[in-house]
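Single-structure report; data block below.
The values are calculated or read from the model by the stated rules, or taken from the named source; none is laboratory data. Please read these numbers as outputs of a predicted model, since none were measured by experiment. A quick note on method: Cβ atoms are made from the backbone with ideal geometry, for glycine too, and the neighbour counts reach across all protein chains shown.
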Amino acid sequence: MDKVMRVALMLVGLAVLCVEGQVLRSAEDDAGRLVYQNDFTQASAGGLAEDFLILEGAFTVEKKSSQAYLKLSALPLLDASVQLGENLTGGAVIKVRVKAERQGRRAPAFGVGLHGLTGFQLLVEPAGQKLKLKLGIERVQDAGFKWRSGQWYFVELSVVENNNSWTVEGRVWAESEKRPEAAQIEYIAEENPGKGRAYLSGTPSSGHPIYYDDIELRVVKGK
């Protein structure tokens, strides 16, 4: 009887593990498949890996004790950008941690983009206290946002196919806070976002660089 009971319990345990495995796989599918990740701990100081392509600006890896970041130098003062990873088609999510500082009345701007420079871009613009969603050079949506100088923020942009259209969501939150369930920016696009590499963007304020860390890039299946 004890042996039968032990076998029965083992079978129940296996069934629970299978169910839990399905739940875990479903959760992973919902979040997307991780295709690129970089915290710069393995990078050499001063250089960039081959999977980065600088379009504008002075980007380098900076290391301080056990910490490592991608730094956009304070000079020159221009709209800078660097591409990363492989070309993407279809649904994708990019998330990065960013820190920047204000210099007097001068404020920085920073953001992320998907599917190349003609795709969608999410920008944080502290000077106007807002988030901006752009498609190529065209602004398609704004949202109010209060930014605090010198703090780390997560910036996340997702573009996901949904019933023959594309749902574009933008979220920005302080490192000390939880990821917001509701996106601050949500936009429905009818056209395919196209093909291209993800990228980071930034415009430093005078005298202060912008730091990027903990980059994650995922591909997401449409619904």
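Points to keep in mind about this one:
- Among the candidates GLU125, GLU181, GLU175, GLU191, the residue that is on the phi < 0 side of the Ramachandran plot and touching a residue at least 40 places away in the same chain (Cβ under 8 Å) is uniquely GLU175.
- Complete set of residues in the stretch 46-65 that are more than 15 Å from GLY202 (Cα to Cα) and either among the basic types (Lys, Arg) or in contact with a Ser or Thr (Cβ under 8 Å, 6 or more places away or on another chain) (or both): GLY46, GLY47, LEU48, VAL61, LYS63, LYS64
- The residue that is surrounded by the fewest Cβ atoms within 10 Å (Cβ to Cβ), counting only those in the stretch 48-76 that are of a type in the set (Ser, Thr, Tyr) and in a strand (DSSP E or B), is THR60.
- Of all the residues in the stretch 154-182, those that are among the aliphatic types (A, V, I, L, M) and within 15 Å of PHE120 (Cα to Cα) number 5.
- Selection within the stretch 77-86: residues that are in a strand (DSSP E or B) and either not charged (D, E, K, R) or not assigned by TED's automatic domain parsing to the domain that holds PRO204 (or both). The member of this set that is farthest from TYR153 (Cα to Cα) is GLY85.
- Check on ALA183, modelled with pLDDT of 95 or more, among the small types (Gly, Ala, Ser) and either surrounded by fewer than 17 Cβ atoms within 10 Å (Cβ to Cβ) or not assigned by TED's automatic domain parsing to the domain that holds GLY104 (or both): no
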